[in-house]
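Down below is the structure, laid out as structure tokens.
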Amino acid sequence: MYRKFCWWLPGLVLLASCAHVKVEERGIWLDKSDMFKPKDQVAKLFDDLQAANFTTVYVNTQFKGGVAYPGSAFLPLAEQAKSFEGDALAWCIEELHRRKMRAEAWVEYGFYSYHTLDATKDKSQGAVLDMHPEWCALDEEGNRYIHHPKWGDFFTLCPSQPGPQDLLIDLYREIATKYPFLDGINFDRIRYARKNHCFCAYCKEHFKRDTGLELKVYPDASPEYARFVSWHEAILTAFVARMAAALRAARLGIVLTACVVPVEEKLEKGQEWFSWVKAGSVDAVIPMLYTDESFDKNLAEIQQNLP
């Protein structure tokens, strides 16, 4: 089984693979703040990345409740993309391939659905939740969005529900088939958004049905909390396996990679990504490690669990 792991530095990533033939890969994420600049500026950026020996660019494709390409059957064209002449994703893939670099679609938002600077002043919750408000993830107090004092308010889809899961599978299958020369899809935010998410009606009903327990906030060291975590892990692991099977059936040979939380955050986000790798559901995992301390600790656990 082909596996590769990467270590993040601000703005770039270095990847090393563990396979029969070792390969070093250098990747960078093309953010929406750069992607929709004038084409000559983006082309110059690609030239600089090629000169610096980068091998892969993760092209921002799903963000803020929209997508970077026109004509999606599932999400609207993102506001930032409307100023771009033509299809931004198709153009980036072609330009990167001309420079002998790989292009993966970075589906940045995953189960995140919408972002607004101030949800109290925004009449919309994003295209998906405006149509399906019941899909919204709720915290233990019933709040519909996560407030960040610096970045604003984020709405997320409930990862437990079949509706949001099917939406992501359909969307990513659309990307994989609409762009046959795309090298891969880079998953992000395939997780519960925060600790003690989600408390929607679906989660309350199905957690009680599956475990016999009422859904409420349990102490971290309690067996009930452990059951809550394992319930989330099983849901996400099954979803990633189902999504991978659907995408590989739609596009033979497509590479599937995933940005994942550090080992110390796996429990609270329900993201048991060791099992994703062991099952072969993803071809690569990209732990989000930003400090030397986190890097050393995570590397030791990765080497112990994924030899």
Taking amide H positions as placed in the peptide plane 1.01 Å from N, state which residues far from ARG102 in sequence (5 or more) or on other chains have amide H under 5 Å from it.
THR56, VAL57
How charged is the neighbourhood of GLU233? Take every other residue with its Cβ under 12 Å from the Cβ of GLU233, and add Lys/Arg as +1 and Asp/Glu as -1.
+2
Sum -39500 (n - 2.57) across every DSSP H segment of at least 4 residues in the chain, then divide by the residue count to get the 222 nm mean residue ellipticity, nearest 500.
-11000 deg cm²/dmol
Within segment 209-307, trypsin sites (Lys or Arg not before Pro) in DSSP loop having at most 13 other beta-carbon neighbours inside 10 Å
LYS216
Quick one: P(r) of segment 160-307 from all Cα-Cα pairs, 5 Å bins, percents rounded to integers, in order of increasing distance.
2, 9, 17, 20, 18, 15, 12, 6, 2, 0
Where labels lie 7 Å past Cα in the beta-carbon direction, separation of ALA43 and GLU301 in nm
4.6 nm
Antiparallel as a % of all DSSP beta bridges within the chain, to the nearest 5?
50 percent
Over the chain, with every protein chain in place, what whole percent of the accessible area is carbon and sulfur at 1.4 Å, could you tell me?
55 percent
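What number comes out for accessible area per residue over segment 89-185 if the probe is 1.4 Å? Units Å², please. Walk me through the numbers before you get to the answer.
Values: 4350 Å² over 97 residues.
For segment 89-185, the per-residue accessible area is 45 Å².
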Could I have the simple spin-label model distance between ASN53 and TYR290, label points 7 Å from Cα toward Cβ, reported in nm to one decimal?
2.8 nm
Over the Cα atoms of the chain, how large are the radius of gyration and the largest Cα-Cα distance (Dmax), in Å?
19.3, 59
Any idea what the alpha-carbon Rg over 2.2 N^0.38 Å comes to for segment 81-179?
1.30
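Name the longest site-free stretch of the chain, where the excluded sites are GluC sites (Glu not before Pro) in a DSSP loop with no more than 15 other beta-carbon atoms within 10 Å. Show your work: numbers first, answer last.
Numbers: sites that count: GLU85, GLU140, GLU141, GLU214.
Longest run free of exposed loop sites: 215-307.
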Send over the Kirkwood Rh of segment 207-292, from the inverse of the averaged 1/r over different Cα pairs, rounded to one decimal Å.
14.4 Å
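Using the Cα atoms as the points, what is the convex hull volume per residue of segment 76-118 in Å³?
Numbers: hull volume 4.3 nm³, N = 43.
Per-residue hull volume (Cα only) is 101 Å³.
The values are calculated or read from the model by the stated rules, or taken from the named source; none is laboratory data. Since this is a predicted model, take the numbers as computed values, not measurements. Reconstructed Cβ throughout: ideal geometry from the backbone, glycine too, with neighbour counts over all protein chains shown. With ligands, DNA and RNA removed, areas are computed over all heavy atoms of the protein, side chains included. Shrake-Rupley method; radii C 1.70, N 1.55, O 1.52, S 1.80 Å.
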